[in-house]
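Engineer: What follows is a single structure, and I will ask about it in a moment.
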């Protein structure tokens, strides 16, 4: 890994998110930097979070899978 490469710290986000983050979670837009519909579109294309859970018609993502997916999509611009 290059010494100039920085990563985004998601430790505060891990403390805030519930164990399973459903796309209809009321605080989604307040807490996460990406819209739930964007995650749904990426999920449909097969490039979304690795794991998902369906409860009826509502889709949710385990906290660890969602944060890992955000890490892969994030970069720090210096």
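Every number here is computed from the coordinates shown, using simple stated rules; none is lab data. Quantities reported herein were computed from a predicted structural model and do not represent experimental measurements. Don't worry about glycine lacking a Cβ; one is built from the backbone with ideal geometry, like all the others, and counts go over all protein chains shown.
Engineer: I'd like the full set of residues that are surrounded by fewer than 14 Cβ atoms within 10 Å (Cβ to Cβ) and in a helix (DSSP H, G or I), limited to region 11-26.
Structural biologist: The answer is 11, 12, 14, 15, 16.
Engineer: Can you confirm whether region 52-61 contains a residue that is part of a strand (DSSP E or B), in contact with a strand residue (DSSP E or B) (Cβ under 9 Å, 6 or more places away or on another chain) and within 21 Å of residue 74 (Cα to Cα)?
Structural biologist: Yes - at least one qualifying residue is present in region 52-61.
Engineer: If I ask for residues that are farther than 21 Å from residue 7 by Cβ and loosely packed, with under 11 Cβ neighbours inside 10 Å, which ones from region 27-76 would you list?
Structural biologist: Result: 30, 37, 44, 45, 46, 54, 55, 56, 57.
Engineer: Right, another one. In the list 33, 49, which residue meets the criterion of being within 18 Å of residue 74 (Cα to Cα), in contact with a strand residue (DSSP E or B) (Cβ under 8 Å, 6 or more places away or on another chain), part of a loop (DSSP other than H, G, I, E, B) and without any contact (Cβ under 8 Å) to a residue 60 or more places away in the chain?
Structural biologist: So the residue among 33, 49 that is within 18 Å of residue 74 (Cα to Cα), in contact with a strand residue (DSSP E or B) (Cβ under 8 Å, 6 or more places away or on another chain), part of a loop (DSSP other than H, G, I, E, B) and without any contact (Cβ under 8 Å) to a residue 60 or more places away in the chain is 49.
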